[in-house]
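Structure record follows, encoded as structure tokens.
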Amino acid sequence: LCTLATSVFDGDDYLVPFLQNAAAVERYEDIEHIIVLANSPGREYNTALEHCIRNPGVVLVWKSDDPGLYNIWNHCDSLASAPYMGNANIDDKRAPNHLTELVRLLETHPDCDVASAGLRVTDEASTTWERSDGLEEWYTSDAVSTKKGTDLYKFSDGIPIAHNFPHCLPVWRTSLGSVIGP
């Protein structure tokens, strides 16, 4: 279905509920989930290893250094075997159908490179998706809009500037890196 990239650093308080949420995602058995432990001072290794053993699509990578979040995502992109990729941050949780819906959108819109959805927002780390009804929602719309990789930047005098269009938890074509670079 897709490849997910997760960077774990000092995540003892978040990892267990994150992994429970990940395992509850539709078709998780069809997802390649790359979990990178990047020289973390935390005690996440055993928890991540147990999750890896229980879920054959999970790949556990240990790095002796911490190259930073975006470098880890780029590394995962280079390892990905699926045509679609997404990030999975340990302080975020997904709706069960989140990935299947975003992949479906990409498959039905071949001119689209990135898909994202609205968010339910909370500061409570223990909130589960099932208990998230009624929370504040961001980036919601009933309309589907499509973007190409080159549409993901705003420009000022021909120079790309920061633009948080797809926000967190998007799914993109793995080939997007060849369009806009790492």
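The values are calculated or read from the model by the stated rules, or taken from the named source; none is laboratory data. Please read all numbers here as calculations on a predicted model, not as lab measurements. No Cβ is skipped: glycine too gets one built from the backbone with ideal geometry, and neighbour counts run over all protein chains shown. These accessible areas exclude ligands, DNA and RNA; they are computed on the full protein's heavy atoms, side chains included. Shrake-Rupley method; radii C 1.70, N 1.55, O 1.52, S 1.80 Å.
Residue pairs whose Cβ atoms lie under 9 Å apart, sitting 6 or more positions apart in sequence or on different chains, and linking a residue in region 37-55 that is surrounded by 12 or more Cβ atoms within 10 Å (Cβ to Cβ) to a partner that is part of a loop (DSSP other than H, G, I, E, B) and hydrophobic (A, V, I, L, M, F, W, C), are LEU37/PHE9; ALA38/PHE9; SER40/PHE9; GLY42/PHE9; GLU44/PHE9; GLU44/ILE90.
Inclusion of ASP65 among residues that are over 24 Å from SER175 (Cβ atoms), at pLDDT below 90 and surrounded by fewer than 18 Cβ atoms within 10 Å (Cβ to Cβ) is not warranted.
Of the residues ALA23, ALA88, ALA80, only one is under 27 Å from GLU107 (Cα atoms), of a type in the set (Gly, Ala, Ser) and at pLDDT 95 or above; which?
Numbers: ALA88 fails: at pLDDT 95 or above; ALA80 fails: at pLDDT 95 or above.
Step by step, each of ALA23, ALA88, ALA80 is checked, and only ALA23 is under 27 Å from GLU107 (Cα atoms), of a type in the set (Gly, Ala, Ser) and at pLDDT 95 or above.
Per the conditions (1) more than 14 Å from the chain's Cα centre (by Cα); (2) crowded, with 16+ Cβ neighbours inside 10 Å; (3) not aromatic (Phe, Trp, Tyr), the sole criterion not satisfied by ILE72 is (1). The set of residues in region 80-106 that are open to solvent by 70 Å² or more (accessible area, probe 1.4 Å) and in contact (Cβ under 8 Å) with a residue 60 or more places away in the chain comprises SER81, PRO83, ASP91. Of the residues making up region 11-25, not a single one is hydroxyl-bearing (Ser, Thr, Tyr), open to solvent by 10 Å² or more (accessible area, probe 1.4 Å) and in contact with a helix residue (DSSP H, G or I) (Cβ under 9 Å, 6 or more places away or on another chain).
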